[in-house]
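Visitor: Take a look at this one; I'll ask things after.
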Amino acid sequence: MASAASKLRAEAGLGALPQRALAQYLRLLRLYPVLTKAATSGILSALGNFLAQVMAKQRKKENSQKLDVSGPLRYAIYGFFFTGPLSHFFYLFMEHWIPSEAPWAGVKRLLLDRLLFAPAFLLLFLLVMNFLEGRDAAALSVQIRRSFWPALRMNWRVWTPVQFININYVPLQFRVLVANLVSLFWYIYLASLGK
């Protein structure tokens, strides 16, 4: 009976689907690294915002099926144009500037990421989202005063162990993808700050 099920799966190609998807992703990553990482970032960022909205509706016990389509669109734009490309080049820069053979490379990379890249990237996020939401400079100022330090402290708590592993043990071509997968949950948190 088990052999019939595996034969059926093999005929349908269901077992090979994840392998084919991974092979296609690796091919695109090799041919178009920035575009592939940008597209992946855009899709996963939009998914993070979508999930944040669904969770917020469940928390409030709202029965309406309406979701704000502009939210995932804003996050997709941010992921595609900022997260993917900037992360790609930051990881390349870090790899070149602090090679793994350098003394204390892991700690130096982590400090560079946590003390320079994280605060700058968070400010960029707030700035871009403010612009995409059509808000003025005064609203941005209020948002930064209200959200920046709590979000940065949470970023340091959540992302420090993730980035230590990502920067030092994940192969370079997969670092943006790993960060994007963790970002699913991070963007849910950031979306909750906007409310």
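The values are calculated or read from the model by the stated rules, or taken from the named source; none is laboratory data. Treat the numbers as computed from the prediction; the structure is a model and nothing was measured. No Cβ is skipped: glycine too gets one built from the backbone with ideal geometry, and neighbour counts run over all protein chains shown. The protein model used for the area step is the full one, side chains on, heavy atoms only, and it has no ligands, DNA or RNA in it. Shrake-Rupley method; radii C 1.70, N 1.55, O 1.52, S 1.80 Å.
Visitor: Which residue is farthest from MET129 (Cα to Cα), if the candidates are limited to region 147-156 and must be modelled with pLDDT of 95 or more and exposed (fewer than 13 other Cβ atoms within 10 Å of the Cβ)?
Guide: ARG153
Visitor: Follow-up. Return the residue satisfying two criteria in turn: it lies in region 77-101 and is among the hydrophobic types (A, V, I, L, M, F, W, C) and open to solvent by less than 30 Å² (accessible area, probe 1.4 Å), and of such residues it is nearest to ALA151 (Cα to Cα).
Guide: Selected residue: PHE90.
Visitor: Would you say ARG114 is open to solvent by 30 Å² or more (accessible area, probe 1.4 Å), at pLDDT 95 or above and among the basic types (Lys, Arg)?
Guide: Spelling it out, it is not the case that ARG114 is open to solvent by 30 Å² or more (accessible area, probe 1.4 Å), at pLDDT 95 or above and among the basic types (Lys, Arg).
Visitor: Would you point out the residue of region 122-139, among those that are closer than 13 Å to TYR75 by Cα and more than 19 Å from the chain's Cα centre (by Cα), that is least open to solvent (accessible area, probe 1.4 Å)?
Guide: Taking the candidates together, the pick is GLU133.
Visitor: Would you pick out the residues in region 150-170 that are without any contact (Cβ under 8 Å) to a residue 24 or more places away in the chain and either of a type outside the set (A, V, I, L, M, F, W, C) or touching a strand residue (DSSP E or B) at 6+ places or on another chain (Cβ under 8 Å) (or both)?
Guide: Within region 150-170, ARG153, ARG157, PRO161, ASN166, TYR169 qualify.
Visitor: Could you please tell me which pairs satisfy a Cβ distance under 7 Å, a separation of 6+ or placement on different chains, a first residue in region 120-149 that is closer than 21 Å to SER45 by Cα and of a type in the set (Phe, Trp, Tyr), and a second residue that is in a helix (DSSP H, G or I) and open to solvent by less than 70 Å² (accessible area, probe 1.4 Å)?
Guide: From region 120-149, the pairs are PHE125/TYR78; PHE125/LEU190; PHE148/LEU122; PHE148/LEU126.
Visitor: Next question. Among GLN58, GLN53, which is surrounded by 10 or more Cβ atoms within 10 Å (Cβ to Cβ), polar (S, T, N, Q) and at pLDDT below 95?
Guide: The match here is GLN53.
Visitor: Among the numbered criteria (1) open to solvent by 70 Å² or more (accessible area, probe 1.4 Å); (2) of a type outside the set (S, T, N, Q); (3) more than 30 Å from ARG27 (Cβ to Cβ), which one does LEU73 miss?
Guide: Answer for LEU73: the failing condition is (3).
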